[in-house]
Amino acid sequence: MSLKSFLHKLHYDPDHSRPPDFEPDWNNAPLAYKLYRGLPTFALSAEVPLTLEGRPVPDKPEIRDIGHFLWYAYGLAQLCQAVFSMDYGGLEGETNIFHSFRRFAPSGGSLYPSELYVYLKTDDLPVGIYHYDTAHHRLVLLRLGDFDAYLGRGLGDRCDLSACFGAVFVSTVFWKNFYKYNNFGYRLQGLDAGALIGQLLETAKRFGYHTGVYFRFLDRAVNHLLGLHEQEESVYAVIPLSLQPSGGWFYGSGAEAGVLTSRQLCAALPAIRHEHYVRSLRTTEYPMLLRMNEASLMETTESFGPLDAANIEGTMTDGVGTVALPRTSRLSFDLASVVRKRYSPHLDFVFQTVDAYRAAALLYEATASFPYTNDLDTAGQEPRKRVSIYGCLYGIEGIPDGAYCYDALAHELRLIRPGDYRMLLQQGIIMGNVNLFQIPLCLHVAADRNHYAGALGFRGYRIQQMEAGMLVQRLLIAGVALGLNGHPLLSFNSADCDKIYKMEGEGVASLIQVPLGACRPSSRLEGGLYS
């Protein structure tokens, strides 16, 4: 199968992206976190602040604050035991008890395929590369040393790391969701990484850290720095951390450095390989995931040049009318309180009328909080809009029922089709675990159907999925702040959604579905994992 066909099936024929006889081996499931063995560890403070509002701007990075930052970004936040009725998909009366360790960013199936690594230069710890051990809330030392020069060259000399106190690496462990979802896991990996990045960037703002996201870097050289085996895991994004605004250290052409390859850079550093535990006694092969990862790798800094705006700019479906939304300002809320309340409802959505002001505030907050420093946009220019929000709205006071596209610049809804589309959307949910008739807002994050392949090749697909995940996390945060919860879904009929929004002729595709509404939480036991 060609890689283009593989990506098409992931979106429009997911049942045929995996073998027809595939069944997850639950007894061979991996852990949702990686555990290194036999390496120096540094415990982080478990006395996490219960509010992130009113924090003073730090004068210097301190490991206590960095630990709290990592916990809010990706720590184990809550133990949950819930009982789900299986009447909608199993035997009548059958129930299933489900245990999970929640984190503040959502993850498909609560599998959390991403891992966090950090490069730190602080007075509290030896300078070097660490793994964030989520299970024990500690740092594991992987490699000692100052790697400003090495990492800077791996980023194409586009970052002044001397102005940064460290960097975060977001990776993906292929097996962690392949064991359950098979090849469909490739679509989940980028979205999961994006949701994590979205949470990380929002958390960094509260700690006074300035960030920027590098999607383009010498993959093999960065993996080599961390000691990752590319048949198992690969870095998806590099995010430097600084106490100085990113405009002074993030951007750079790198032209004066000349062309550099991964092979050349890897040769400058000895290889490391550390033992780690995943619990699975065996793994099956995942050749399509490895082929996609191989095709997405960047081998030379020649790949980091400026991008043609016409080649990467997103498009938006034209409407047949517009609905002006009430003017609103940015929401004021405590991120710590909001993310503790967030969870993904299943059949516990309950219909509650939403007025136009609340819908407008949700859309405005999600898009206003989204812009971030990255290596796809050009310094000094308006950030490009590569992902958009569409939605089927029902029962919104002041807004007629219909399918819309949100124009963030004009702060208005473009009406694409009037009417109630809940029945068609409900029929498209494969698992039937969400009742869309109880949902006033069923939103879809959409983007270019060709994944910016002309500008970024197959790298464009995973970048697009990450940006979609980042926007989803902003929607979820804004929703909870307004009294709504959301459940990101990939088990929906993408082709039907594209038709509802007339996307086919515009070169746009719906990537992920996010029903948002009020809910009555089902019976469950919860406990916070902090002191």
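The values are calculated or read from the model by the stated rules, or taken from the named source; none is laboratory data. Keep in mind that this is a model prediction, so the values were computed, not measured. Ideal geometry is used to build each Cβ from the backbone, glycine not excepted, and the neighbour counts take in all protein chains shown. Calculation scope for accessible area: heavy atoms of the full protein, side chains included, ligands and nucleic acids excluded. Shrake-Rupley method; radii C 1.70, N 1.55, O 1.52, S 1.80 Å.
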Of the trypsin sites (Lys or Arg not before Pro) in the range 423-463, those whose Cβ has at most 11 other Cβ within 10 Å and which sit in DSSP loop: none
Cross-link partners of Lys205 among lysines (Cα-Cα below 17 Å; sequence separation of 8 or more within a chain): Lys60
Full-stretch length increase - Ser337, Gln231 - with 0.36 nm per residue and alpha-carbon distance subtracted: 34.3 nm
Shape category assigned to the range 20-65 from the gyration tensor of Cα positions, a/c cut at 1.5: prolate
Mean Cα-pair separation over length for the chain, i.e. relative contact order, pairs under 8 Å, 6 or more apart, %: 18
Förster radius 56 Å - calculated FRET efficiency between His274 and Ala410 (Cβ-Cβ, nearest 0.05): 0.60
Long-range HN-HN contacts of Val48 with modeled amide H, under 5 Å: Ser531
His136 versus Leu31: modelled label distance in nm, points set 7 Å from Cα along the beta carbon direction: 0.9
Solvent exposure of the chain as accessible area per residue, Å², 1.4 Å probe: 39
Rounded percent of accessible protein surface that carbon and sulfur make up, the range 486-531, 1.4 Å probe: 49
Cα radius of gyration and Dmax for the range 241-391 (Å): 22.8, 61
15 Å Cα-Cα reach of Lys121 towards aspartates and glutamates, excluding residues that sit fewer than 8 places from it in its own chain: Asp59, Glu62, Asp65, Asp146, Asp148, Asp160
The range 314-455: C-alpha pair distances exceeding 27 Å, %: 29
All-pairs alpha carbon distance profile, the chain, 20 Å steps from 0, percent: 22, 59, 19, 0
For Gln244, residues with placed amide H under 5 Å, excluding near neighbours: His210
At R0 = 35 Å, FRET efficiency that the Cβ-Cβ distance of Gln426 and Ala309 yields, to 0.05: 0.35
Estimated distance in nm for a label pair at Ser110 and Thr122, the labels positioned 7 Å out from Cα along Cα-to-Cβ: 3.0
Reachable lysines, given that their alpha-carbon falls under 27 Å from the alpha-carbon of Lys502 and they are not under 8 places away in the same chain: Lys4, Lys9, Lys385
Cα shape, the range 418-531, gyration tensor, a/c 1.5 rule: oblate
Pair Gln264, Val320: separation of 7 Å Cα→Cβ label points (nm): 5.8
